[in-house]
Amino acid sequence: MIAEQARVLEEQAAAIDAHWPVQASQALQGLIHAANTARAQGLPAIPSDIAGPLIHALKHGVLVGLSQIPRVPGRKQEPCRDLLECLRYRQADVLRFTTDLRFPPTSNQAERDLRPAKTQQKITGRLRSEQATRDRYAIRGYISTAAKHGAHVLTAIHDALAGNPWMPPIPEPP
């Protein structure tokens, strides 16, 4: 789901110059801003009076875009067309961040967490051994999760090495 949102935003950025409906872009940006504002206010979701018009504008922009980019015979479509179809048919997944603010609108942080390993892989042509890679990701995941929850990273590492690892709070059911 988060990957779906990230893919939407990444492909949107690449497709803006080529047929991307401005209305859809503005609506998505408005929804992300509204989600960040609502989260800062401690709300569980974007208020419907704010989300409703933006979602309507997004739906309309998607339909406009689909009408401007014809479907070609065969399975392979233009990236813009594929993205617009994803927005149309997987709307609930893509817009989940509007109704449940526990979901971020993008996966930027997850991508940043993976970037050092991908850079090493590109430079050396491979990662280290499978076990070393698993260990590295376990440590990086622990540090990243602790930091995201506001824990002091060095304290969390110290406590883990002392046999008392920091644990994230258990989320409350929706």
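The values are calculated or read from the model by the stated rules, or taken from the named source; none is laboratory data. Everything numeric in this text was worked out from a predicted model, so none of it was measured. No Cβ is skipped: glycine too gets one built from the backbone with ideal geometry, and neighbour counts run over all protein chains shown.
When the residues of the stretch 62-73 are filtered to those that are in a helix (DSSP H, G or I) and free of Cβ contacts under 8 Å to residues at least 24 places away in the same chain, the one that is nearest to Tyr89 (Cα to Cα) is Leu66.
Restricting attention to the stretch 74-103, the residues that are part of a helix (DSSP H, G or I) and acidic (Asp, Glu) total 3.
Here Arg71, Arg102, Arg96, Arg136 are screened, and the one residue that is at pLDDT 80 or above, out of contact with any Leu (no Cβ under 7 Å at 6 or more places or on another chain) and surrounded by 14 or more Cβ atoms within 10 Å (Cβ to Cβ) is Arg96. So, in the stretch 139-174, of the ones that are more than 21 Å from the chain's Cα centre (by Cα) and of a type in the set (Gly, Ala, Ser), which residue ends up nearest to Phe103 (Cα to Cα)? Ranking the candidates gives Ala151 first.
The residues of the stretch 35-61 that are of a type in the set (A, V, I, L, M, F, W, C) and under 12 Å from Leu95 (Cα atoms), listed by number, are Ala35, Ala45, Ile46, Ala51, Leu54, Ile55, Leu58.
Exactly one residue out of Ala18, Ala6 is assigned to a helix (DSSP H, G or I) and either modelled with pLDDT of 80 or more or not aromatic (Phe, Trp, Tyr) (or both), and it is Ala6.
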